[in-house]
Amino acid sequence: MKRVLLLATGDTIAHSSGPGRAAVASGAGLLETIPADAPAADVVVEDVMAEPSWDMSPATMLRLARRARSAILDDGFDGVVVTHGTDTMEDTAFLTDLLAGPAARRGAIVLTGAMRALDDLSSDGPRNLASSIAAAADPALRGAGAVVCVNDELHAARWVTKVDAASVSAFSSAPHPILGRVIGRRVEMPAVPPSRPPDPEGEPESHVALIKTYPDMDPVLLTAVVDAGARGVVLEGTGLGNVPVTLLSTIAELSDWDIPVVVASRCRTREVPLDDLPLGTGLAARVGAIGARGLAPVKARAALMVALGAGGRDAVRDWFGML
Ligand code: ASP
């Protein structure tokens, strides 16, 4: 039988909130919620103390990512399931994906959660957990990298976003396809996963800021985060990757100080380098900014954390070029 490690971090999938019943189930308690014959694998449980996911620190996200990697590479697990709050599941999923390196080729890494508490009518948690264990044990996921499994759908970490704060089908990979589905205990995976990112180098940097831009924005917001210790900055721009002109000279300064500035967009964008954009767009590239290669802003932040392990601005630029 396949061996799967379950890393449990609490949050809605583990919460009971009824009168006099407020409690957080441990990983072992969660396993008891699925029928005894449901697990498609031998499951070993580790409980990881964690903040609610909307407040999860980069340190906790990195800890989960490292444990998922070592479980496969060092401890011989066939797969890992992480139960996680849904708010930032995509952040941890992509960070884990970027740090998995060779573990992604040898085993499956599946993040799951729930939109309804454990004691809600028709809670989605037990079903999501059973499907995720089945997915983590299925060799079909080897090489796919970290995935999110919710509502029996499998989403690539690079593409997935929580798009609905109330529905059990809270996640979407649009405009990309969902990778596959869990049907019974089997994975059906008709879509081709995104290409694998470069293997990580060095230790990731956790102090990376993410700032949403708006026309006429004061550049002091950029220098403030750097003064507070940020080693890199992601800017959420507009359209193809545009940021206000008021920021350009500060972006140039930060680049000169070896603080990489990555520009993502609040829109879906293609993986076009900023330098290749039509005249008059993507101006930040002319003053040293690095394009986010179509990544959503939170994914670009995870990528910059990992890229900074490789070195300063030039190493980050090269690393993003391979994403
Ligand atoms: N409170 C949760 C979170 O922080 C919501 C959830 O667990 O799904 O993500």
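Please state the relative contact order of the chain as a whole percent: Cα pairs under 8 Å, 6+ residues apart? Dividing the mean separation by the residue count of the chain yields 14 percent.
Determine the shape class of the stretch 195-257: with a ≥ b ≥ c the square roots of the Cα gyration tensor eigenvalues, call it rounded for a/c under 1.5, and otherwise prolate if a/b is greater than b/c, oblate otherwise. Oblate is the answer for the stretch 195-257, as a/c is 1.5 or above yet b/c matches or exceeds a/b. Of all the options Ala140, Ala292, Ala104, the one that moves most in a Gaussian network model of the chain with Cα springs shorter than 10 angstrom is Ala140. Short to long, the 10 Å bins of the Cα pair-distance histogram for the chain hold 6, 28, 32, 21, 11, 2, 0 percent of all pairs. Full extension of the segment from Asp275 to Asp120, taken as 0.36 nm per residue of separation minus the current Cα-Cα distance, would add 50.8 nm. Here Lys162 is the anchor, and the lysines within straight C-alpha reach of less than 20 Å, apart from those fewer than 8 places off in the same chain, are Lys212, Lys299.
The simple spin-label model puts a point 7 Å past each Cα toward its Cβ; for His207 and Arg106 those points are separated by 3.4 nm. Under the classification rounded if a/c is under 1.5, otherwise prolate if a/b is larger than b/c and oblate if not, where does the stretch 199-323 fall, given a ≥ b ≥ c as square roots of the Cα gyration tensor eigenvalues? Taking the square roots of the gyration eigenvalues as a ≥ b ≥ c, the stretch 199-323 is oblate. For the chain, adding -39500 (n - 2.57) for each run of n ≥ 4 DSSP H residues and dividing by the number of residues yields -8000 deg cm²/dmol at 222 nm. At a 1.4 Å probe radius, carbon and sulfur cover how many percent of the accessible area of the chain? Whole-percent figure for carbon plus sulfur exposure: 52. The order of Ser122, Ser173, Ser70 by accessible area, most exposed first and with a 1.4 Å probe, is Ser122, Ser70, Ser173. Centroid-to-centroid, using Cα positions, the stretch 71-132 and the stretch 6-69 are 10 Å apart.
Taking all Cα pairs closer than 8 Å and separated by 6 or more residues, the relative contact order of the stretch 247-321 comes to 35 percent.
Mind checking which of Arg21, Arg266, Arg116 has the largest fluctuation in a GNM of the chain, springs on alpha carbons under 10 Å? For the chain, modelled as a Gaussian network with Cα springs under 10 Å, the answer is Arg21. Label positions at Tyr214 and Ala140, each projected 7 Å from the Cα along the C-beta direction, are separated by 4.5 nm. Model label points for Ala228 and Thr246, set 7 angstrom from Cα along the Cα-to-Cβ axis, are 1.8 nm apart. Of the residues Leu62, Leu240, Leu73, Leu121, the one with the largest accessible area comes first in the ranking Leu121, Leu240, Leu73, Leu62, computed with a 1.4 Å probe on protein heavy atoms. The relative contact order of the stretch 2-79, computed from alpha carbon pairs under 8 Å that lie at least 6 residues apart in sequence, is 43 percent. When the chain is treated as a Gaussian network with alpha carbon springs shorter than 10 Å, the biggest mean-square fluctuation among Pro198, Pro58, Pro297 belongs to Pro198.
A 1.4 Å probe run over the stretch 42-190, with the rest of the protein chains in place, finds 37 Å² accessible per residue. Extension gain for the segment Asp37 to Thr238, taken as residue separation times 0.36 nm less the Cα-Cα distance, is 67.4 nm to one decimal.
Sorting Cys149, Cys267 by accessible area puts them as Cys267, Cys149; the probe is 1.4 Å, largest comes first, and only protein heavy atoms count. In this view, the solvent-accessible surface of Thr246, computed with a 1.4 Å probe and all protein chains in place, comes to about 60 Å².
Amide H contacts under 5 Å for Ser265: Gly237, restricted to partners 5 or more places along the chain or on a different chain, H placed in the peptide plane at 1.01 Å from N.
The values are calculated or read from the model by the stated rules, or taken from the named source; none is laboratory data. In this text, all values refer to a predicted model and were calculated from it rather than measured experimentally. Here Cβ is always computed from backbone atoms with ideal geometry, including for glycine, and neighbour counts include all displayed protein chains. Accessible surface areas use protein heavy atoms only, side chains included; no ligands, DNA or RNA. Shrake-Rupley method; radii C 1.70, N 1.55, O 1.52, S 1.80 Å.
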